[in-house]
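The values are calculated or read from the model by the stated rules, or taken from the named source; none is laboratory data. Note that the structure is predicted; figures quoted are calculated from it, not measured. Counting neighbours? That spans all protein chains shown, and the Cβs are built from the backbone with ideal geometry, glycine included. Heads up: the accessible areas ignore ligands, DNA and RNA and are worked out on the full protein's heavy atoms, side chains in. Shrake-Rupley method; radii C 1.70, N 1.55, O 1.52, S 1.80 Å.
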Amino acid sequence: MQSFWHSISGRYNTTERWIGLDYKSLFLDPVIAKITYVHEITHSVLGSNTDFGLATQTIHSLLPHIASIDEVDKRKIYEKLYESQLFVQEGSASLMEMLMHRSYVGKERSIIWAFEHLPYDYLDRLKKLMFVMDMGKRYREEFTKKISHLAMHTGIRKAIVEYDLFKKPNNFISYLDNEDNNPDKRFMKLIDLLHYNQFLVTKDVREIADRSGIKFFPDVTKRDVANFLNYMHDLTKNKHYYFTEDDIKDAPQGGLVIQQASNNTFIANMNLNIVESSIALWEIDDIINYSDVTEAVFVTRLSDDWDYKSRVENLLNKKYEVGFLAFTRTCEKYLIGLDTVELSRLLKNEFNGKTLIVKWGLYDIESKDLNYFPNSRKPDVVIYNTVQDLRNKFKSWFNKNNKADYVVLNASENHPFHSLVLNVSDVIHFVNTFGNKDIEDFIRDYNVNLIKTKPNLINNFRKHLNNLLSIWMGLDWDVDWYETMINKEYVVYRK
């Protein structure tokens, strides 16, 4: 399930724990890119390093598989989880964003920017925390280190088991209505106290809780966490591994929390909106009709756990094994489901010569076909979410002394967005990063396998890269982005 917590330019996924940054919204302004990153990192930290956040992740992951709770009640649970932590999540993320912005442009200009650019609901929450902007450095650091975590330190994982809160959905909802258990209500009491008693941020968290009138919960034990995981998995009625205390790792601390969140960050077109903006087609002849105006196609495998897959196949009396998305330079998107034979025929005939884009799971280096789709053709572009995904794919191949050409691109001077491009047998392997550390580490580790090259020597590199940037990063189809990135002085348009 997609996270409720997102801004126009960024997104945090609660279930899969990834951060997504929107390339198009952020590539023109490095400062806004950096503060948006901080906003989403805050969600990740609160989601993966607090009792309430960790409980939310498990519930989001397993609730769809609990048959004893109907869809209406599941929706109520999702909504209540969202409502119970909306202020502490978005308020804290916006505050951290503004504190970072302040370090670049100063307090006054940062506040002006917030009033001019933040949506009303975000601004309304931030106003309640604006007093933190007036604190001295030490007090600000104490506030950001303690207060959001204290609000979300509710002992929820222990309580869910102890009170059997998922036996009836209303039990769980009633539990969250209690002000002792509701992160937002706890957060409001904390900021009401600290607004006028700022020195208290230096006190022990138990004393802060007592002074604010919120209940202080001791840390849950590893046994509590194991019991919670077993309780939730038991509700799914599926066989599962039985968790013990030995399976529970210590929560990451300090910089390690940030590093783990950073490792799960990818940069792409967060506003692609395939379902809402594409035109669904049902007959193969219909997609062929658009082949002459198609610039690129994106292919993805439809797994057996795709919602409604079997129902649609039975209704239409055909197999749906692949999703086929065709893009035109005038921004139309045409979506159709195909079987393996149909896909292979289209790629080798009507859509031969169109930029073929896939994610890394659908292609192995130097293969002649896509994985799962024999007799198709190799892709022109393979996309990776992170450098670690790229490492996992190339490690064994590089260990056999194979070589790849590479080039590094960046959005603009001093911008945190970088792109690593590898070329193997005229297949482009592409990954975006926030900052260049992961790219530099990759190049250092595999320097004997990598050959720095001039990318325009790759067959059709310009065409495929420009199509990729227009799809995967959401950039304008009329601009020659490759040439624009190279010269850095003026915009070059496609011919």
Looking only at the stretch 66-77, how many residues end up being touching a residue at least 60 places away in the same chain (Cβ under 8 Å) and open to solvent by 20 Å² or more (accessible area, probe 1.4 Å)?
4
Name every residue in the stretch 12-22 that is at pLDDT below 85 and either among the acidic types (Asp, Glu) or over 16 Å from Ile258 (Cβ atoms) (or both), in order of residue number.
Asn13, Thr14, Thr15, Glu16
Residue in the stretch 180-201 that is surrounded by the fewest Cβ atoms within 10 Å (Cβ to Cβ), counting only those that are more than 19 Å from Ser92 (Cβ to Cβ) and touching a residue at least 24 places away in the same chain (Cβ under 8 Å)
Phe199
Which number in (1) crowded, with 20+ Cβ neighbours inside 10 Å; (2) part of a loop (DSSP other than H, G, I, E, B); (3) among the aliphatic types (A, V, I, L, M) marks the one condition that Leu422 misses?
(2)
Out of the residues in the stretch 120-135 that are open to solvent by 40 Å² or more (accessible area, probe 1.4 Å) and without any contact (Cβ under 8 Å) to a residue 40 or more places away in the chain, state the one that is nearest to the chain's Cα centre (by Cα).
Asp121
Which condition breaks for Lys400 when tested against (1) surrounded by 17 or more Cβ atoms within 10 Å (Cβ to Cβ); (2) of a type in the set (D, E, K, R); (3) out of contact with any helix residue (DSSP H, G or I) (no Cβ under 7 Å at 6 or more places or on another chain)?
(1)
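Residues checked against (1) over 21 Å from Gln85 (Cα atoms); (2) out of contact with any helix residue (DSSP H, G or I) (no Cβ under 8 Å at 6 or more places or on another chain); (3) open to solvent by 40 Å² or more (accessible area, probe 1.4 Å):
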| position | (1), (2), (3) |
| --- | --- |
| Ser174 | no, yes, yes |
| Asn178 | no, yes, yes |
| Lys215 | no, no, yes |
| Tyr231 | yes, no, no |
| Thr244 | yes, no, yes |
Somewhere in the stretch 271-283, is a residue in contact with a Ser or Thr (Cβ under 7 Å, 6 or more places away or on another chain) and touching a residue at least 40 places away in the same chain (Cβ under 8 Å)?
no
For the stretch 1-92, which fully contained helices (runs of 4 or more DSSP H) count at least 2 residues that are of a type in the set (A, V, I, L, M) and touching a helix residue (DSSP H, G or I) at 6+ places or on another chain (Cβ under 9 Å)?
30-48, 51-62, 71-86
Checking the conditions here, which among Lys437, Lys454, Lys463 is out of contact with any Gly (no Cβ under 9 Å at 6 or more places or on another chain), open to solvent by 10 Å² or more (accessible area, probe 1.4 Å), at pLDDT below 95 and under 15 Å from Ile357 (Cβ atoms)?
Lys463
Which pairs have Cβ atoms under 7 Å, sit 6 or more apart or on different chains, and link a residue in the stretch 288-310 that is of a type outside the set (Val, Ile, Thr) and part of a strand (DSSP E or B) to one that is modelled with pLDDT under 95 and open to solvent by 100 Å² or more (accessible area, probe 1.4 Å)?
Arg301/Tyr372
Residue pairs meeting the criteria (Cβ under 8 Å; at least 6 apart or on separate chains; first within 19 Å of Lys463 (Cβ to Cβ), in the stretch 407-432; second small (Gly, Ala, Ser))
Leu409/Ser419; Leu422/Ala404; Asn423/Ala404; Val424/Ala404; His429/Ala404; Phe430/Ser419
Considering the stretch 347-370, residues that are out of contact with any strand residue (DSSP E or B) (no Cβ under 7 Å at 6 or more places or on another chain) and either under 15 Å from Phe324 (Cα atoms) or of a type in the set (A, V, I, L, M) (or both), and then whichever is surrounded by the most Cβ atoms within 10 Å (Cβ to Cβ), we arrive at Glu350
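Give Leu469, Leu409 a once-over and let me know the one that is in contact with a strand residue (DSSP E or B) (Cβ under 9 Å, 6 or more places away or on another chain), at pLDDT below 90, open to solvent by less than 40 Å² (accessible area, probe 1.4 Å) and within 30 Å of Glu40 (Cα to Cα).
After applying the criteria, what remains is Leu409.
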Answer from Ser84, Ser103, Ser94 - the residue that is small (Gly, Ala, Ser) and open to solvent by 30 Å² or more (accessible area, probe 1.4 Å)
Ser103
